[in-house]
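The values are calculated or read from the model by the stated rules, or taken from the named source; none is laboratory data. Keep in mind it's a predicted model, so treat the numbers as computed, not measured. Note: ideal-geometry Cβ built from the backbone for every residue, glycine included; neighbour counts use all protein chains shown. Accessible surface areas use protein heavy atoms only, side chains included; no ligands, DNA or RNA. Shrake-Rupley method; radii C 1.70, N 1.55, O 1.52, S 1.80 Å.
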Amino acid sequence: MPRTVNDPTPQTAALVDALERVRTRAPLVQCVTNAVVMQFTANALLALGASPAMVDIPDEAGAFASGADALLVNLGTPYAEQRDAAGEAVEAACAAGVPWVLDPVAVGMLPVRTPLAVRLVAARPTVVRGNASEVVALAATAGLSDPAAGGRGTDATLSVDEALRAAGALAGHTHGVVAVSGPVDAVTDGDRVVRIDNGNSLLTRVTGGGCALGACVAAFLGATRADQLDPLVATVAAVTAYGVAAEVAAEVATGPGSFAVALIDALHHLDATQLTDRASVVLATASAR
Amino acid sequence: MPRTVNDPTPQTAALVDALERVRTRAPLVQCVTNAVVMQFTANALLALGASPAMVDIPDEAGAFASGADALLVNLGTPYAEQRDAAGEAVEAACAAGVPWVLDPVAVGMLPVRTPLAVRLVAARPTVVRGNASEVVALAATAGLSDPAAGGRGTDATLSVDEALRAAGALAGHTHGVVAVSGPVDAVTDGDRVVRIDNGNSLLTRVTGGGCALGACVAAFLGATRADQLDPLVATVAAVTAYGVAAEVAAEVATGPGSFAVALIDALHHLDATQLTDRASVVLATASAR
Amino acid sequence: MPRTVNDPTPQTAALVDALERVRTRAPLVQCVTNAVVMQFTANALLALGASPAMVDIPDEAGAFASGADALLVNLGTPYAEQRDAAGEAVEAACAAGVPWVLDPVAVGMLPVRTPLAVRLVAARPTVVRGNASEVVALAATAGLSDPAAGGRGTDATLSVDEALRAAGALAGHTHGVVAVSGPVDAVTDGDRVVRIDNGNSLLTRVTGGGCALGACVAAFLGATRADQLDPLVATVAAVTAYGVAAEVAAEVATGPGSFAVALIDALHHLDATQLTDRASVVLATASAR
């Protein structure tokens, strides 16, 4: 997987360029995602300019994935048919070189999705996106945690450093990217760590606030794969664009209901000026491992 | 199936009258529909004045359908239980004379829903509603395409004429109505072709924009079946009412998020004046076959 | 189950206190609920300050329920996996003393959910929430109806008295609380009857208007169980808070679409002053049986 970028910090121009490619290429993003957030996820993708396709049943998911531009697998409500569909979609995506995102919702505590997530990690997702607890739990369950990190599982008091150690271990294992959502987001490929300080806390008061981001990451991967854009840069672009849209939405919202509506509007109208003016992206030290 | 209408072009008064019947009769519309759009579909039906009932599991769907006023079968996420539920609901609806709508989402490309759609077409849906690609793909898969039309499947560059040929062939086969959604909508029973130039392009940027229309068509069929209203007129009324509501919504919306909210409000408030002032309905030449 | 309260009428201060506990404790509310309303339900819980968890598959639902603060089981779309999940979640909740709410959507008419609801009633839900028809149908199916009441099943012309007789019989059987939603809501434990005259008719024009209330009842039960608050008071607090939020939302809404959005905002901002100023709660005569 190519990691070469001309400069180590994703510049704002690169983020704007990636957004432009989503708009012009309308990547076809297959989503095997949870029943709670399907509508919001599809609307976020449409607003961004992508084409969502919620193809999530066995015998269709695999056939579709090989022709999709990107795939999202989200484990929020892993019904039996969705589990089978996820398996065949991932296999087909990997065989066809289609980038894919794993969102391991609530992994660690629950006995069906947890072993499924570990199996999916073994298939090397292009990007894993989760909150700190999920990333730490996934790394621990997959046997990747640095024992020195303590492995406290799903503890909500996890430090950012702890999450980054787990994210780095995961990224090293998948040879991919890991995006950790939080008050400040972090994206790492195991070598570089990029922090994005955009977004708004209302994202945590709307169901699907994180899940839809996973789909947007897939859209950016799908729109830029023909250019062989570094997946880390594509992921940073998605996280930044989504966070900037959330900031714009929060300025007109009067609560989480109107925020969710305004976020869709903001994703639709997001432009280069907003992204350039508001993006807060820094390359941290290369200390992920 | 009665096809007699006093005049061949649905007049605006007939559309207003049909809307009035939806309001006063509150038809019970059973929906076996996809997981992405269930909420939006139910809310659209409620706003229109209908009573939605998402009864979509085996052993319940058939029992319920015989007492419903109309049935919608949408193949967007055809899980195994929904496929069985659709089959028994259609059988019960046909036996009881309950009108039903088939929405063959993404048919043609996908190996589970495509043969299911062909089987359902054989049961003669009162109305088939889809976009041009879906209607062409369904007609081709069901072996109904005019070979001279080329049968290009799901090609997005389909001409309107090509879609109308396929729609006419489908309607001839089902002895029913086919509604083709697009920049200009077309409704045909194989003899007559009616074009409706209402709606707004934001409908294509909101998930369920077309799916909810299928449910509204079912509501209009259910509300007017006791009057033996021509299903073509009921379908034209639904497409026009929905399109006019979309126009009203687009005038107050600032993006697809607020448009989806405003569309529900507009369906709720839609009245005879709006429908009369804005309806753009013309009888095209009877060239569907 | 403790029934003692210091005074027989829930005072507004007690309702405000219960709301405060939801805010500060953020109860973890597991929802096994229907596919139509999952998103709206999760957003209502988040807006209220609770933590929703839509864990609804076999082998996970039971494991999760014993650690949840409360459980909601809603039978709106009872797919096979959800039926199994509901069974194991209820068993685990009962064993662990976790309060749970049963919402018997459309029970009585439909052959899969109806026997399931009767089995779940036998497990003694802390609260049953439904509309008058559902409560009457559930009591009749469970063999609890007063024969003198006529047992007219799901007749929509049910009198309030008839619904209260059924609710009282159900509550006597479950040793729990029954909440009957309607133009005026009623909550009973079989001894006391409390009427709450808040809310807005737009709640009936939005899908999930009642279902999300069931989840809010669970949130109030979960937030106050450590205090051994009378479940009747917790239920009255939830019904009142939800109804007041609906009133606030209706004042800014222009239709059911904007109402649903405003209701989430209003639940988020609901405060002691609004609740105190608007609560309309009266203890009716203890005539439930």
#### Entry: Solvent-accessible area buried by B and C, counting both chains, probe 1.4 angstrom, square angstrom
1900 Å²
### Message
Tell me the per residue accessible area of the protein assembly as shown using a 1.4 Å probe; a whole number in Å² is fine.
### Response
33 Å²
#### Entry: Shortest-first distances to equivalent copies, position residue B:24, nm, label 7 Å out along Cβ
5.7, 5.7
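So if we plug the beta-carbon distance of residue B:204 and residue C:228 into 1/(1 + (r/R0)^6) with R0 = 35 Å, what FRET efficiency do we get, rounded to 0.05?
Efficiency for this residue pair is about 0.05.
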### Message
I'd like the residues of the stretch C:25-52 whose 1.4 Å-probe accessible area shrinks by no less than 30 Å² going from the isolated chain to the full set of protein chains.
### Response
C:35, C:36, C:38, C:39, C:43, C:46
### Zone residues, the stretch A:166-197, relative to residue A:282, backbone N less than 20 Å from point 7 Å out along Cα-to-Cβ
A:168, A:179-197
### Task
Quick one: accessible surface of residue A:100, probe radius 1.4 Å, all protein chains present, in square angstrom to the nearest 10.
0 Å²
### Query
Short version: ³J(HN,Hα) in whole Hz for each residue of the stretch B:114-127, in order, from phi by Karplus 6.51 cos²θ - 1.76 cosθ + 1.60 (θ = phi - 60°), x for Gly and Pro, what are they?
5, x, 4, 4, 5, 4, 5, 4, 5, 8, 6, x, 4, 9
### 18 Å reach of a label modelled at residue B:24, 7 Å along Cα-to-Cβ, counting backbone N of the stretch B:81-124
none
### Query
Can you give me the Cα centroid spacing of the stretch B:39-88 and the stretch A:209-246 in angstrom?
36 Å
### Query
Using a probe of 1.4 angstrom, how much of the accessible area of the stretch B:12-279 is carbon and sulfur, in percent?
52 percent
### Query
Spin-label point model (7 Å from Cα, Cβ direction): what's the residue A:251 to residue B:251 distance in nm?
2.9 nm
### Query
Inter-copy label distances at residue B:111, 7 Å along the Cα→beta-carbon direction, one decimal in nm, shortest first?
3.4, 3.4
## Note on the structure
Rounded to whole angstrom, the alpha-carbon centroid of the stretch A:178-205 lies from that of the stretch B:253-278 at a distance of 38 Å
### Message
Suppose we compare each residue of the stretch A:79-99 in its chain alone and in the full protein complex with a 1.4 Å probe; which ones drop by at least 50 Å² of accessible area?
### Response
A:79, A:81
### Message
Assume the label is 7 Å from Cα along Cα to beta carbon: what separations in nm does residue C:271 have to the matching positions in the other copies?
### Response
3.7, 3.7
### Task
Return the residues of the stretch A:165-212 for which accessible area with all protein chains present is lower than in the chain on its own by 40 Å² or more; set the probe to 1.4 Å and exclude ligands, DNA and RNA.
A:205, A:207
### Task
Calculate the mean, over all residues of peptide B:261-267, of how many other protein chain Cβ atoms lie within 10 angstrom of the residue's Cβ.
6
### Task
For the stretch B:50-61, just list the computed ³J(HN,Hα) in residue order, Karplus coefficients 6.51, -1.76 and 1.60, θ = phi - 60°, integers in Hz, with x standing in for Gly and Pro.
8, 10, x, 9, 8, 9, 9, 10, x, 6, 9, 4
### Task
Over the stretch B:12-279, calculate the relative contact order: mean separation of alpha carbon pairs under 8 Å at least 6 apart, over the residue count, as a percent.
21 percent
